[in-house]
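Values in this text are rule-based calculations from the coordinates and carry no lab data. Bear in mind that the values here come from a model prediction, so they are computed numbers and not experimental data. Ideal geometry is used to build each Cβ from the backbone, glycine not excepted, and the neighbour counts take in all protein chains shown.
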Amino acid sequence: MEWLESFWATYSTLVLSIGTNVLLALSIYLTLATGLLTVANAAFMGIGAYTAGLLTTQLGLPFFIALVLGSLLPALVALAIGRPTLRLSGVYLAMATLAFGEVVRIFILNAEGLTGGALGLNGIPQLTQWFDVALAVALTLFVLLRLARSRIGRTMEAICQDETATELMGLNVGAYKLLVFVLGAMLAGLAGGLNAHFTFFISPDEYGFDRAVEILAMGVLGGTGSPWGAVIGGLLITLLPELLRGLGHYRPLINGVILILIILYSPRGIWDLFRPDRESRRLPAAH
Amino acid sequence: MLAQQIVNAISLGGVYALFALGFTLIFGVLNVVNLAHGAVFMIGAYASLKAVVVLQLPLPAAILVAMLATGALGWLLDKFIFAPLRARHAPHLAPMIATIGVAITLTSLIEGTFGSENLRFPSEVLPAEALSMGGVQITWLELEIICLAFALMAILLWGLRKTGAGRALRGLAESPKAVALMGVNVESVFRVTSILAALLGGAAGMLIALYANAVFPRMGQPMLHKGIAVVILGGMGDIRGALLGGFFLGFAEVLSVAYVGSNMRDAIAFGLLFIVLLIRPQGLFGHVVQRRA
Amino acid sequence: MKLKQILAGAILALASLTGVAGAQIKIGAAEALTGNAAQYGAPIRRGFELALGEINGRGGINGQKIELVIEDEQGKKEEAINVFKKLIFQDKVLMLFGPTLSNSAQASDPVAQSAKVVAFGTSNTADGITSIGNYVFRNSVTEADILPVTLRIASQKTGLKKVAVLYGNDDIFTKSGYDNFKKALQDLKIPVTTTETFAKGDVDFKPQLTKIKASNADAVVLSALVAEGAPMMVQARQLGITLPFIGGNGMNSPRVFELAKDSSDNLWVGSPWSVENPAAENKKFILAYRKAHTMLPDQFAAQAYDAIYIVAQALKKIKITGKLEADRKSLRDALPAIQWTGATGPFKFRQVAGRDGRPAGYDAVQTAIVMMTKSNRYVIQK
């Protein structure tokens, strides 16, 4: 027991981070598996984090409510920009969502009166417990695994493989894309709210380009064939820096090299190595 | 003030255009978003700095050193990363993620070797005298950058139109299969493109390092963001677009600082980008490219 | 080198596990050793090691040597939290220094506070840090204390009537500096002609500077770090702006001479530490630092150096029983009363109030020296 207490004292932040990173990876899995390269999840995470954080610090709302609202607002934003944005595809979509993300970040930065601007939001109460994160991850994983096998999941894969054909079959492609985009935004917002409440302090530059790239890397490294890929990706990206700590100065270097090696060895992500049947692929179509 | 701001905009635009040229080439031909271009650019800056400081070379020689270093990098990138991934028919996200890994590796390599502080060129070598014309100041260096951006663009366009290699490149951008059927060694064209783009990145690196007189490991990052914006505005894979997009962005940024407020500068740049993408995804100056197998 | 450190760390960890405590005094440091902030973390580390070398060379504290466990927090707040936790719970240090950036401190200091371990910042100057709790200390003087002095003296000497302001709005350090400048300008009733911003990593400031030139200000108030501030001065001079620049302590670094070469004159800075300060302790420090590292120290190194000595004074006063919790507490209790004259001059602590109004952590009390750059030197202005 003492060992457990001591372990938790040192590593609790790490474990909770694994949880929120897995949620983020799942949020991008949804869109990647549908063939959408959207990288706005960092911005949605930021919106969720600030919303939840402001609600608990300024209005003293209960944690659960703050989390729910913190997941809803990004979803609403996603709904608002989704229609026009999702008409784009491929790299153009990526760039549009990236640009959108930057605009959000700058907005948060400049809305000093509300968000504290560059000074960030501090004194966020430590409300996230391990079971909050565990529950969120378990629930999300369960729902997404069922989704993957359901009609919606098959439609996602169909859109990913060939959008035009899917449309011709009478399916409302636009609506499905919007659905996964909004769901992804909600998950990212949830992750943001949870993360804010175990790190005391948030600031705008945590939700910028670097974070967006990190989330994308988690999704792709883990593999988009299944929600389990997202779990692998989240675990890997969170643990790797910790495992490499002993390398001191060379840590980021090895980090980068490992990233390259994984992609070279298994371009479809790590999950691809474990899949029982490598024939049926659910992947963004290779142009 | 307006006159000076216009001059500022032109020189900033030249800087952006220079960076975007290499970036857009890789996307246009290899269909890869090369997120390592910023790091390649940074290596060019360091290589030229060391050439001047350690090897005591004059500036024109230093630029060749920079291009040599980055050209080699471009070769390595294609040989060990892009080519293997092409061979395995990897999804097009894979090379992008790999370039992220490359960027991280290169940045930390430089940081570990040279430290993360800003370095600068010795002031003796800087052509930094300012010309003053009618109340407007501009330095020789800025003029050189602008001229070079135009010159490089002209050379590239000429090369793409008139030379066999250039036509092969353009053909590849349209349809790899068709070009292969015509007997072109597709792999070597890809390789050459990667090298060419890296050469351009390296040259840009040194020039911009001189312009800002700051060389530091992360200098590629903000350039990459702006480069992405330029390439979108100008049209992906469009050489002229890279130039026009660069100047457009330069003007947008400078004028928004001058007349709106400097804290909105980036918001306006990216907001513009977002809107352009929604309304006209092929960019303000690009043309729609139908991607076939 | 790394292997030796890992082995040494392992042996010590084993030793402390088997209760052979008291052989060495273990303190921790979480600083940015890689990443962007490493340019500040590196001189901090050098300052620590210099001071420790001297103290241990003289026999340590009451016969015991001090061991510093230094970890890399990469300038990232999550890493700062992780590293703090590791140092506190795994390495079981008596107290710890750091982190390097104010942003990270906001996230990691609460961890130290609730674990009841002293967190001592040597480079955190933003607001909202020492108000976290009574285990948070810092010897880095806040901008709120220095900037009014700098402004007053600079305005007296240059006779300025109105200023333009330029600051980094995406970094807590430069933004916090700006807030303090704004307040000081209001108190001194100096009107502002225009306020411009820039972002970290920007290299082109000409649009903002052009606007400043057109606004006819008498001076430019600048809240920036040297990485951006130096190119700014170069570009300003290129644009024909000859106005004085008044900076926060981010600009107090000899690097400004390297980076801005011929454009570095006429920069006003205030700081408790100056490389030109002829005081005996400072000269000794500068000499020792140059000998060990062949370069001049900067403010980060000086404050880190003094911080070690301040903690050493407290360590001398307490009795180390080997019971971690009790020792940590007695260290915290002994610190506030320490007064020390080091490289940064006479120093003492001042308690501040927390967010709830109750007494919290401890800020630094030191007099600011105002300097102006001229011919590659900081010249002290009286």
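What distance in nm lies between label points placed 7 Å from Cα along the C-beta direction at B:Ala154 and B:His89?
It is 4.6 nm.
So, counting K/R as plus one and D/E as minus one, what does the shell of residues with Cβ under 14 Å around C:Lys382 add up to?
Neighbour charge sum, excluding C:Lys382 itself: +1.
Do you know the relative contact order of chain A, to the nearest whole percent, from alpha carbon pairs under 8 angstrom that are 6+ apart?
34
Jot down the per residue volume, in cubic angstrom and as a whole number, of the convex hull over the alpha-carbon atoms of region C:71-216.
112
Taking θ as phi - 60°, what are the ³J(HN,Hα) couplings along region A:133-142 by the Karplus curve (6.51, -1.76, 1.60), each to the nearest whole Hz, with x for Gly and Pro?
Couplings: 5, 4, 4, 4, 5, 4, 4, 4, 4, 4 Hz.
By average Cβ neighbour count within 10 Å, what is the ranking of C:128-136, C:332-340 from highest down?
Highest mean packing first, the order is C:128-136, C:332-340.
What ranking do A:His197, B:His37 get, fewest neighbouring Cβ atoms within 10 angstrom at the top?
In increasing order of surrounding Cβ atoms, one gets A:His197, B:His37.
From the convex hull of the Cα coordinates of chain A, what is the mean projected area in square nanometres?
Quarter of the Cα hull surface area: 16.2 nm².
Expressed as a fraction of 2.2 N^0.38 Å, the rule-of-thumb size for a compact globular protein of N residues, what is the C-alpha radius of gyration of region B:132-237?
Relative to the 2.2 N^0.38 Å estimate, region B:132-237 comes out at 1.34.
Two decimals is fine: what's Rg over Rh for region C:143-271, C-alpha atoms, Kirkwood radius as Rh?
0.91
Sort out for me the Cα centre separation of region C:280-345 from region C:163-233, rounded to whole Å.
About 34 Å separates the Cα centre of region C:280-345 from the one of region C:163-233.
Mind checking the dipole of region A:14-274: about its Cα centre, +1 per Lys or Arg Cβ, -1 per Asp or Glu Cβ, Debye to the nearest 20?
Its charge dipole is roughly 380 debye.
Per residue of region B:141-146, in order, report the coupling 6.51 cos²θ - 1.76 cosθ + 1.60 (Karplus, θ = phi - 60°) as ³J(HN,Hα) in whole Hz, putting x for Gly and Pro.
4, 5, 4, 4, 4, 4
Show the residues, 5+ positions off or on another chain, whose built amide H is closer than 5 Å to the amide H of C:Tyr167.
C:Glu196, C:Thr197, C:Phe198, C:Ser223
What FRET efficiency, computed as 1/(1 + (r/R0)^6) with R0 = 56 Å and r the Cβ-Cβ distance, is obtained for B:Val186 and C:Lys317, rounded to the nearest 0.05?
Efficiency, from the Cβ-Cβ distance: 0.15.
Counting only residues 5 or more places away or on other chains, whose amide H sits under 5 Å from the amide H of A:Ile270 once H atoms are built in the peptide plane?
When sequence neighbours closer than 5 places are left aside, the close amide H contacts are A:Gly222, A:Gly223.
Which one, A:Gly70, C:Phe205, A:Thr115, is farthest towards the positive end of the dipole of the protein assembly as shown when Lys and Arg carry +1 and Asp and Glu -1 on their Cβ?
Positive-most Cα among the choices belongs to C:Phe205.
Over all directions, average the projected area of the Cα convex hull of region B:200-242 and note it in nm².
3.2
Binning at 10 angstrom from zero up to the longest distance, how are the C-alpha pair distances of chain C distributed in percent?
5, 24, 33, 23, 11, 4, 1, 0
Roughly how many debye, to the nearest 20, is the charge dipole of the protein assembly as shown about its Cα centre, given +1 on each Lys and Arg Cβ, -1 on each Asp and Glu Cβ, and no other charges?
The dipole magnitude comes to about 440 debye.
Select from A:Leu253, C:Val352, C:Gly98 the residue farthest towards the positive end of the dipole of the protein assembly as shown; place +1 on Cβ of Lys and Arg, -1 on Cβ of Asp and Glu, and compute about the Cα centre.
Checking the options against the dipole of the protein assembly as shown, the answer is A:Leu253.
Kindly provide log₁₀ I(q)/I(0) values, in the same order as q = 0.08, 0.09 Å⁻¹, from the Debye equation applied to equal alpha-carbon scatterers of the protein assembly as shown.
-0.77, -0.98
Hey, what number do you get for chain B at 222 nm if only DSSP H runs of n ≥ 4 count, each worth -39500 (n - 2.57), divided across all residues, to the nearest 500?
Using -39500 (n - 2.57) per qualifying helix, the result is -24000 deg cm²/dmol.
Step through the table entries B:Lys226/C:Lys175; C:Lys86/C:Lys175; C:Lys77/C:Lys200; C:Lys261/C:Lys348, compare each Cα-Cα distance with 27 Å, and write down the pairs that go over it.
C:Lys86/C:Lys175; C:Lys261/C:Lys348
So what's the net charge close to C:Asp218: Lys and Arg +1, Asp and Glu -1, counting the other residues with Cβ under 13 Å from its Cβ?
In short, +4.
Around C:Phe97, which amide H atoms from residues at least 5 apart in sequence, or from another chain, sit under 5 Å from its own amide H, with H modelled in the peptide plane?
C:Gly28, C:Ala29, C:Ala30, C:Phe120
When a footprinting reagent is the concern and you count Cβ atoms within 10 Å, what order do A:Thr38, C:Thr125 take, fewest first?
Taking fewest neighbouring Cβ atoms as first place, the list is C:Thr125, A:Thr38.
If each residue's Cβ is checked for other Cβ atoms within 10 Å, how do A:Trp3, B:Trp140, C:Trp268 rank with the fewest at the top?
A:Trp3, B:Trp140, C:Trp268
Might you report the magnitude of the Cβ-based charge dipole of region C:143-271 about its Cα centre, with Lys and Arg at +1 and Asp and Glu at -1, to the nearest 20 debye?
440
Summing -39500 (n - 2.57) over the DSSP H runs of n ≥ 4 in chain C and dividing by its residue number, what mean residue ellipticity at 222 nm do you reach, to the nearest 500 deg cm²/dmol?
Taken over chain C, the calculation gives -13500 deg cm²/dmol.
Would you calculate the convex hull of the Cα atoms in region C:325-364 and tell me its volume per residue in Å³?
84
As a test of the formula, what do you get for chain A when each DSSP H run with n ≥ 4 contributes -39,500 (n - 2.57) and the sum is divided by the residue count, at 222 nm and rounded to the nearest 500 deg cm²/dmol?
-24500 deg cm²/dmol
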